[in-house]
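Peer 1: Take a look at the following structure, please.
The values are calculated or read from the model by the stated rules, or taken from the named source; none is laboratory data. Everything numeric here is computed off the predicted structure, so don't read it as measured data. Positions of Cβ are backbone-derived with ideal geometry, glycine not excepted, and every protein chain shown enters the neighbour counts.
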Amino acid sequence: MEMKVSYEDDLMEQKNKGYRQPIVCVLGHVDHGKTTLLDAIRGTSIAKGEAGGITQRIGATDIDSARIEKIAKDLLKGAKLKIPGLLFIDTPGHVAFANMRSRGGALADIAILVVDINDGIMPQTAESINILKKFKTPFIVAANKIDLIDLYRSTKNKLILEALKEQREEYLDALDKKLYNLVSSLYSYGFSSDRYDRISDFSKTLAIVPVSAKSGLGIPDLLMVISGLAQKFLENDISVKGNESGMGTVIEVKVESSLGTTLDTILYQGKIKRGDTIALDTKAGPKTTKVKALFVNSGRTMKDLKERERINAAAGIRILISDKHEVIPGSPLMVIKDDPTEAFKYIVEQSKPNIQLSEEGVTVRADALGSLEAISYELAQNDIQIRNASIGDITRRDITDISTINNPLDRVIVGFNVSILPEARNSSMSTDIAIINGNVIYSLVDECLKWRESKAHELEESRKESMPIPSKITIMPEYIFRSTKPVIVGVKVHSGRIKVGDSLIKGDGRYGGVIKSIREGEISKKFAEAGTEVAVAIDGVTLNRQILPGETLYVDINENVVRNLRQNNLDPETMKTLDEIIRIKRKDNIFWGTKA
């Protein structure tokens, strides 16, 4: 899709009532200013002492086009918007974005990716970019916190290009350097990008708008850019057809004892009215219920709930339903006229997690469909396979199921924004099952990776403890402490690693005793590595009979572990000792070690 025109030319067309508001979602890393940006957008939309132009919806903020045109009048230069306004989703974050779905894709028509220009791309930024790419959602970048760059000169101007004219050359150079660092980072994710005023073709280049959400600097530019892009590229997506059924996505489910079950919903298509029959997804499968009441937030706070008879898309609304269904957040909602069969089929199809499962892997639990897919996607990106993934809290049944898994590295549950039921927690305490639970995806993935790495190391150490390592020691004649029951002598460990319980053989293959204990000074040890000198107690032999001062002894190994030892990348000296032991063994059996 080509777009080689200026915003001023593009926005000169008259506002067309045949469009609904584009739905805008805000994503980005923690502390990069997502919520502050939303607050700035809301605050800018209400000039001091003025009323109107903004409606605080349930879970969303509706800014009409007249208000946007007033805020960005110096940029639009008299141009009129075709879109009726913008509907900003109030819950920022890529997980909220993933949970808001329509027809298998993202509910949001367009997104703003907030990046702290001083930090650049961070873990949650990368997650947000991945999920935007997955859903093929167009977006722009708000390069936030430009007021924190050294030598910034405070300004009352809200337009970014005008404010930059008031800055020193040193600040502008620093800003450009940080912008191009961001451009370079975005390129590594497959995006060509630049500052919005330097772009001639917005269909090929990602727009970056420098802003300070804290001061409101650049907010008019941001609203102008996102409005222009939305109405240029989203005409088909946001055009209103007269016969469309009401459709929405349930964002949050609340059960209030005095009221009943309410659904905070984004209505993205058609209309809904009191008394309508709706189909939705529940823990027991698709169900129907009646719309008992509809609410919007007609004021500036969530306390200003007003009941409405009918609401048109796009809107954030609260629906009071007549039944006590356990509705699944992130699931679709449809207004139906008669037979719900087709609606149920659609809901089942849309509610299937798009997750690649394997016969082996970890178990994932999440609070909603979108977040389940988001956490599963990030685990897969880090080469962690998933055996089981579903919506819901962590239960005792999960613990029982996972306890039967053979691979210890897969005995882990990764939970996103869910509860661990008491019986599950109690059951897990008597097992080696790990439960990693939280509400930040990159932290969960990082913790899972660290746990698996630690577990793998633990298993390797356990394997080493149980399996003898090819080792060679020499009895030091100057350190003879006892000659029998047991022999206690000083030894030098030349290769491998000796441990308590190792059986020893002599150079001619005869029995050389069993290591009963190892001491280094006053410290008892389980192991002694190559290059160390330690005192060992050797049971089952007598000094100067079966073994001699100055004699070299080897750790005896079983024939069936030879192949395993060769595949474990042991150090060269240990491998050399293994070859020596094989030669000793083959004095009695020329085929020893070959069947391994």
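Peer 1: Within region 552-593, track down each residue that is in contact with a Lys or Arg (Cβ under 7 Å, 6 or more places away or on another chain) and part of a loop (DSSP other than H, G, I, E, B).
Peer 2: Hits for region 552-593 are Trp592, Gly593.
Peer 1: Restricting to region 88-116, what's the tally of residues that are modelled with pLDDT of 85 or more, more than 21 Å from Asn439 (Cβ to Cβ) and either surrounded by fewer than 24 Cβ atoms within 10 Å (Cβ to Cβ) or not β-branched (Val, Ile, Thr) (or both)?
Peer 2: 3
Peer 1: Also, I was wondering about something else. Pairs please, first residue from region 132-152 and on the phi > 0 side of the Ramachandran plot and at pLDDT 95 or above, second anywhere and part of a loop (DSSP other than H, G, I, E, B) and of a type in the set (Gly, Ala, Ser), Cβ atoms under 7 Å, 6+ apart in sequence or on different chains.
Peer 2: These pairs meet every condition: Lys145/Gly33.
Peer 1: Hey, could you check region 461-493 for residues that are of a type in the set (Ser, Thr, Tyr) and part of a loop (DSSP other than H, G, I, E, B) and say which is modelled with the highest pLDDT?
Peer 2: Looking at the filtered set, the residue picked out is Ser471.
Peer 1: Follow-up. Which condition from (1) outside any loop (DSSP other than H, G, I, E, B); (2) modelled with pLDDT of 95 or more is the one that Val541 breaks?
Peer 2: That leaves (1) as the condition not met.
Peer 1: Hey, another quick one. If you check Gly550, Gly513, Gly496, which single one turns out to be surrounded by 20 or more Cβ atoms within 10 Å (Cβ to Cβ), at positive phi and modelled with pLDDT of 95 or more?
Peer 2: Exactly one of Gly550, Gly513, Gly496 is surrounded by 20 or more Cβ atoms within 10 Å (Cβ to Cβ), at positive phi and modelled with pLDDT of 95 or more, namely Gly513.
Peer 1: Also, I was wondering about something else. Of all strands (runs of 3 or more DSSP E) completely enclosed by region 239-300, which ones contain at least 2 residues that are of a type in the set (Ser, Thr, Tyr) and either buried (at least 19 other Cβ atoms within 10 Å of the Cβ) or in contact (Cβ under 8 Å) with a residue 24 or more places away in the chain (or both)?
Peer 2: 260-269, 277-282, 285-297
Results for (1) more than 18 Å from Gly361 (Cβ to Cβ); (2) assigned to a helix (DSSP H, G or I), shown as yes or no for each residue.
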position	(1), (2)
Ile405	no, no
Val414	no, no
Asn437	no, no
Ser443	yes, yes
Leu449	no, yes
Lys455	no, yes
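Peer 1: Need the failing condition index for Ile384 against (1) in contact with a Cys (Cβ under 7 Å, 6 or more places away or on another chain); (2) crowded, with 23+ Cβ neighbours inside 10 Å, just the number.
Peer 2: It fails just one condition, (2).
Peer 1: Could you grab me the full set of residues in region 509-534 that are of a type in the set (Asp, Glu) and either closer than 11 Å to Tyr554 by Cβ or in a strand (DSSP E or B) (or both)?
Peer 2: Passing the criteria: Glu520, Glu529, Glu533.
Peer 1: Could you tell me which of the residues Ile436, Ile441, Ile469 is touching a Gly at 6+ places or on another chain (Cβ under 8 Å), farther than 17 Å from Leu504 by Cα and either surrounded by 14 or more Cβ atoms within 10 Å (Cβ to Cβ) or touching a residue at least 12 places away in the same chain (Cβ under 8 Å) (or both)?
Peer 2: The conditions single out Ile436.
Peer 1: Hand me the list of strands (runs of 3 or more DSSP E) wholly inside region 305-388 holding 2 or more residues that are at pLDDT 90 or above, within 16 Å of the chain's Cα centre (by Cα) and of a type outside the set (Gly, Ala, Ser).
Peer 2: Correct list: 362-366.
Peer 1: For Ile523, only one of the following conditions fails: (1) free of Cβ contacts under 8 Å to residues at least 40 places away in the same chain; (2) over 48 Å from the mean Cα position of the chain (by Cα); (3) surrounded by fewer than 18 Cβ atoms within 10 Å (Cβ to Cβ). What is its number?
Peer 2: (2)
Peer 1: So, one more: Within region 36-80, track down each residue that is modelled with pLDDT of 85 or more, of a type in the set (Ser, Thr, Tyr) and out of contact with any Leu (no Cβ under 8 Å at 6 or more places or on another chain).
Peer 2: Residue satisfying the conditions is Thr36 alone.
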